[in-house]
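The values are calculated or read from the model by the stated rules, or taken from the named source; none is laboratory data. Model, not experiment: these values are computed from the prediction. Quick reminder, even Gly has a Cβ in these numbers, built from the backbone with ideal geometry, and neighbours come from all protein chains shown. In case anyone asks, the SASA skips ligands and DNA or RNA and just uses the protein heavy atoms, side chains included. Shrake-Rupley method; radii C 1.70, N 1.55, O 1.52, S 1.80 Å.
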Amino acid sequence: MKQKMKGSHAADGNHLFETVIGLEIHAELNTKSKIFCSCSTRFGSRPNENTCPVCMGLPGTLPVLNEEAVRLAARAGIALHCSVNRVSRFDRKNYFYPDLPKAYQITQYDLPLCESGYLDIETGQDRPNGKRRIHRIGISRIHLEEDAGKLIHPEGEPVTLLDYNRAGVPLIEIVTEPDMRSPEEAAAFLKALKSILEYTEVSDCRMEQGSLRCDVNLSVREMGKTDFGTKVEIKNLNSFREIQRALAAEAERQREQYCSGGPDSILPETRRWDNGRGRTVSMRTKEGNQDYRYFPDPDLPPVFLDRSLLCLIRNGIPELPEQKKERFLREYGLNPYEAGLLTGEKALADYYEEVVGFGVDSREAAHWILDELPRIRKDAENGEIPVKSHYLADLIQKIGEGRISRNTGKDVLMEMAVTRKTPGEIIREKGLSQISGPAELQKIIRDVLSRNADAVQDYKKGSAKAIGFLMGQVMKASRGKANPNLARSLLEELLS
Amino acid sequence: MKVDENTIRYLAGLAKLEFSGEETTRLAEEFQKIFDHFENISGAYSKMMDEKPEPAWESVLRKDEVKPFGSRQELFQNTKPMRDGFLIVPKVLEQEKK
Amino acid sequence: MTIDEIQKGYRDKRFSVREIVTEYLERIRKLDGTIGAFLTVCDDSALQKAAELDEKRSRGEETGPLAGIPVAVKDNICTRGIRTTCASRVLEDFIPPYDATVVKKLKEADAILIGKANLDEFAMGSSTETSAFQTTRNPWDITKVPGGSSGGSAAAVAAGFAPLAIGSDTGGSIRQPSAFCGVVGLKPTYGSVSRYGLVAFASSLDQIGPIAGNVKDCALAFQVLRGQDPNDSTSMQPDAAGMPSFPSCLPDQGIRGWKIGLPRECFRHGLHPEIEESVRECGRLFEKMGATIREISLPVWDMGMNVYYILSSAEASSNLARYDGIRYGIRAKDYNNLEEMIVHTRSEGFGWETKRRILLGTCVLSSGYEKGYYKRAMRLRDKIRAAFRKAFQEYDLLLLPTTPTLPFDIGKQHSDPLEMYLADIHTVSMSIAGVPALSLPCGFSRSGLPIGVQLAANHFEENKLFSAASLLEREFGPSGRNTPPDMPPVGKIVDNILTRGGKQY
């Protein structure tokens, strides 16, 4: 009985609850060297190859701040409408963990580089005809800090291996206000944020390499209440899909907990997403706050950003997704759905403009890039676009000129992704050229008409279907190479 | 501020140090005296809120250039157990509640 | 011997660098068993460098300003390939893969690193007794401490083991042992000498400086050490900070018309009467030279000790957290897991005083127990700085005692931390203010122990310290001339070389 009650509560309770989500995003900055020493930030080096006395925390060493890290962090702040503090400071966050060589992390505590910004997100834009709504998500702060090393736990051995290549790689931590109300909104925010960080070249945002990481604070409360519920932190989320699944699962868990045990039964804790089991798992409870003993790092003087430097940084910011979308709407005659999708990813937007730059019709280019390209791109490594922009432009032009059919074009595109050959080469080698010579086509059509006297009779009696059948026969006889428009007009001509 | 043996035990935990019972008692007594002495700065504090902080220095920044540290061998000459370029420690257990 | 005398001997070809180095090493070998100034003696590398220098000179090549001068370096300053222990078990086998910036500068100046000097563990102490390895004895009376934490450096100079030593000063660690050992020691302006390679105790206070037998040598060494370093963000370009160019010739700038302040707060309870008398005598001498002496009041003085212990312990607790046995240093033998490995390594590796300060620092930073101690201390630091700034608007120098007491007996230092910390009472305020201060000998007590007097000046005004100190030095005679009674005179070094029938160069 009780079991049933609980079940029904949870089922019809969803709309009685509100989910409150705030994010903490760590993004590795696109610098060549680490934040406080001159070691490389390259990903995928041999273990401990990119280390030196400074990032290994050897006695006597001192940090010296990388100016590019400051520039990129300020750039992110400006792009996210933050105020950039003229004076900011570094602090030490003290705790012991083997991935932290100095047993403190240099971060920014009470004087972060950027504060109080926002990012507008649109939800509902995933569907071409969805109703779009704009939400403003507050960003409480962006601060600079150093990344920690990596721990590797070899299976079945009583040891942990340490690699400090990542220790000292510059990070920004972006902390949002608890302004999101659903896992979809959280994902939409993260996508928009990723897009801005990529556009501004602040970070390459490779989630699979850990250069963009997201921790989530999630709580639930009864609809209409203004106090926040107990918040639970969820760590270890490595893809958009995981984030959406994890948040949905965690919100569901909290609602059930709330219904069965009341609001106080939800504990303030840190949980980890277990992808295999499809649920979050408790890592540790937060008994009081951890005592990090923050204090200003005496090794680093405060950072001053004067007006002229800020101006320089501001002017260095390239066109942002929102601005680019407006321009695409204006210049290329796209609809908002297409413009949104194209500009959502900088690499895609750049690719589109390259294709259009070769003189291809802008709507036609959008069609190929949005409808056809994703099919071949999903298998490509690192989401790279596997066809050069001028090859695609060439292909679209050849279709426009009637050299090949639209359907053949799709096959050629697929082939280009695999062989990296030009469309011309593929068309030539496979003999895919469309038959557009009227003489050759007339010959084929005459053959078809003589072989299908019945259908010709039907047509003459007024059957509309007959012409479709005859067209099919013409295409078949030409092995798909007949230019359909020409074929149809010739067919009609010969029948009348 | 009041210092007792629990204070010392809490702090020792944070600092990753271990003290015997006797040492803990001794430290608690010493710290109590020290903190009683520190109290003389509390009064001074309230009288000086109008002091402006020292004008700070200029930012000191480094160019974003990669300069690898020369010798791996020298860098890790003090590191005892290593394997395939990794440092080794006893297994780090993720604290996970079952 | 002074640096001048040695270099004149080189120029006059009376002896070679190799001979000088050999004699100093010989003296260390004979006498350091008693004094215990060195943790490591660099025989081989010193002799090798000496031979290189002799060769360089025989080819007529130019050599650096400290060419052929043996230097003792405190063992908390990193020396590439040479063990650097901080007098702590936790680093007993640590060999740095890099040179501290000051060591690089010394090498570039062609100085010869002769050994690594003993200290209080991680420079925390004022008697060198917290060293995990050995006790250093005061060359003037081997039953007394040499002071600390740069006790090994000061004792090395006093015992004639090297004409020059490098120390570090966080709250008095150069000045206090210099006073106890009867030598000249400078704590430079914070930021004037790079800290890169100095194993951190309290980063906002630590400063490296020279200890020498006379003011001129001290000044020469400072000139070699100072300068902005791209590896230390807190180091400053003196010229940019408004430092007048350093006087090429030290003495005789004269101090006529200078105003010298005598902080009243130093002359209260607990100051040894003979020290008070010596300091006042220095004041009278300055007056005779045409300076004006005024008693001044620095009410912030009384807060100095507390501010110092709060800030320095807090920073130390963080700076010393890295010694966890994972990357370098010792690793405990017995442990069942990582947590135990770290706790055991630290508990076995650190001495009592170090642990006490780590714990104290953890306490003042802890959100659980702190009552704003750290923040308050930061505010008060600003206030102390402001008070010094104000004082130096009016006064050229401050004149004060270096220590409240004479060198005390080995093993007799108060175990009560509050009493123990009083040893720094006259030195910490200048450390907090970041201003330069110098201690030089100003005579002896009736018991025959050296007495030091301290001069302080405004930021980057080391030249004022050197000028005034060199004038005082004339009155008392350079300390380098005074050899402790039980030791063979340093001048013997040359006699030895010459009587051994060494050929003339």
*Any chance you could get the radius of gyration and Dmax over the Cα atoms of chain C, in Å?*
21.7, 71
_Rough spin-label spacing in nm, given labels placed 7 Å along Cα→Cβ, for residue A:227 and residue C:92_ = 5.8 nm
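Working out 0.36 nm times the residue gap between residue A:110 and residue A:354, then minus their Cα-Cα distance, what length gain in nm do you get to one decimal? It would help to have the intermediate numbers written out before the result.
Numbers: separation 244, 0.36 × 244 = 87.84 nm, distance 4.48 nm.
Stretched out fully, the residue A:110 to residue A:354 stretch lengthens by 83.4 nm.
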*Separation between the residue B:18 and residue B:66 pseudo-spin-labels, each 7 Å from Cα along Cα→Cβ, expressed in nm?*
4.3 nm
*How much of the calculated P(r) for the protein assembly as shown lies past 60 Å, in percent of all Cα pairs?*
27 percent
*Measure of size requested: the Rg and Dmax of the stretch A:254-306, with Cα atoms as the atom set and Å as the unit; please supply both.*
19.2, 56
*Please arrange C:381, A:451, A:206, A:272 by accessible surface area, largest first, computed with a 1.4 Å probe and ligands excluded.*
A:451, A:206, A:272, C:381
*Unit charges at the beta carbon, dipole of the stretch A:163-278: most positive-side option, A:257, A:197, A:234*: A:257
*For chain A, find the longest principal axis of its Cα atoms and tell me its angle to the long axis of helix A:389-400, 0 to 90°, nearest 10.*
30 degrees
*What's the angle, to the nearest 10 degrees (0 to 90), between helix A:183-199's Cα axis and the longest principal axis of chain A?*
90 degrees
*Could you work out how far apart the two model spin labels at residue A:95 and residue A:450 are, taking each label as a point 7 Å from the Cα in the direction of the beta carbon, and quote it in nm?*
8.7 nm
*For each pair in A:102/B:80; C:355/C:375; B:33/C:383; A:93/B:67; A:34/A:378; C:74/C:375, compute the distance between the two Cα atoms and list the pairs where it is over 21 Å.*
C:355/C:375; B:33/C:383; A:93/B:67; A:34/A:378; C:74/C:375
*Cβ neighbours within 10 Å from other chains - mean over C:88-97*: 4
*Quote the accessible area belonging to residue C:278 in square angstrom, nearest 10, computed with a 1.4 Å probe and with ligands, DNA and RNA left uncounted.*
20 Å²
*Would you mind listing how long the stretch A:361-415 runs along its three principal axes, going by Cα atoms, in whole Å with the largest first?*
34, 21, 18
*Sorted from largest down, what three extents in whole angstroms do the Cα atoms of the stretch C:303-375 have along their principal axes?*
43, 22, 19
_So if each residue of separation counts as 0.36 nm, and I subtract the Cα-Cα distance between residue A:45 and residue A:457, what length gain in nm does that give?_
140.8 nm
*Could you give the dipole magnitude of chain C about its Cα centre, charging the beta-carbon of Lys and Arg +1 and that of Asp and Glu -1, in debye to the nearest 20?*
500 debye
*What Cys residues in chain A are without a partner cysteine, judged by a Cβ distance under 4.7 Å?*
A:37, A:39, A:52, A:55, A:205, A:214, A:259, A:311
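Can you give the FRET efficiency to the nearest 0.05 for residue C:348 and residue C:474, using r as the Cβ-Cβ distance and R₀ = 35 Å? Walk me through the numbers on the way to the answer.
On the way: r = 51 Å, r/R0 = 1.47.
The calculated FRET efficiency here is 0.10.
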*Given a cut-off of 18 Å, name the pairs among C:187/C:464; C:13/C:116; C:187/C:412; A:191/A:324; C:288/C:390; C:259/C:288 whose C-alpha atoms lie farther apart than that in the structure shown.*
C:13/C:116; C:187/C:412; C:288/C:390
*Where does chain A land at 222 nm, in deg cm²/dmol rounded to the nearest 500, when only DSSP H runs of n ≥ 4 count, each adding -39500 (n - 2.57), divided by all residues?*
-12500 deg cm²/dmol
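What is the calculated FRET efficiency for residue A:493 to residue A:429, with r their C-beta to C-beta distance and R₀ = 41 Å, to the nearest 0.05? Write down the numbers at each step before the final one.
Details: r = 33 Å, r/R0 = 0.82.
Computed FRET efficiency for residue A:493 and residue A:429 comes out at 0.75.
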*Over chain C, what is the percentage of antiparallel beta bridges among all DSSP beta bridges, to the nearest 5?*
65 percent
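So which DSSP H runs in chain C come out at 18 Å plus along the axis (Cα) with average Kyte-Doolittle of at least -1.0?
Details: long enough: C:17-35 (26 Å, -0.26); C:43-58 (22 Å, -1.37); C:273-288 (22 Å, -0.96); C:301-319 (27 Å, -0.06); C:352-365 (20 Å, 0.25); C:373-394 (32 Å, -1.10); C:462-476 (21 Å, -0.23).
The qualifying helices are C:17-35, C:273-288, C:301-319, C:352-365, C:462-476.
Do me a favour and compute the ellipsoid semi-axes for the stretch A:307-386 from its Cα gyration tensor, root of five times each eigenvalue, largest one first, whole Å. Present the calculation step by step, with values, prior to reporting the outcome.
On the way: eigenvalues 138, 55, 23 Å².
One finds semi-axes of 26, 17, 11 Å for the stretch A:307-386.
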*Post the alpha-carbon centroid distance, the stretch C:410-466 to the stretch C:102-122, in whole angstrom.*
22 Å
*List the pair-distance distribution P(r) of chain A, using every Cα-Cα distance, as the percent of pairs falling in each 10 Å bin from 0 up to the bin containing the longest distance, rounded to whole percents.*
4, 15, 21, 21, 16, 10, 7, 5, 2, 0
*asked:* Please list, in order, the residues from the stretch C:393-415 whose amide nitrogen is less than 17 Å from a point placed 7 Å along the Cα→Cβ vector of residue C:445.
replied: C:401-414
*asked:* I'd like the distance separating the alpha-carbon centroids of the stretch A:176-217 and the stretch C:255-270, in whole Å.
replied: 62 Å
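Translational diffusion coefficient, Stokes-Einstein: compute it for the stretch A:169-289 using the Kirkwood radius over C-alpha pairs as Rh, at 10 °C and 1.306 mPa s, and state it as an integer in µm² s⁻¹.
Details: Rh = 15.4 Å.
Answer, rounded: 103 µm²/s.
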_Whole angstrom only: what separates the Cα centroid of the stretch A:304-357 from the Cα centroid of the stretch A:29-70?_
32 Å
*Dipole moment magnitude, nearest 20 debye, the protein assembly as shown about Cα centre, only Lys, Arg, Asp, Glu C-beta charged*: 1940 debye
*Please state the equivalent ellipsoid semi-axes for the stretch C:128-168: what are the square roots of 5 times the Cα gyration tensor eigenvalues, largest first, in whole Å?*
15, 13, 7
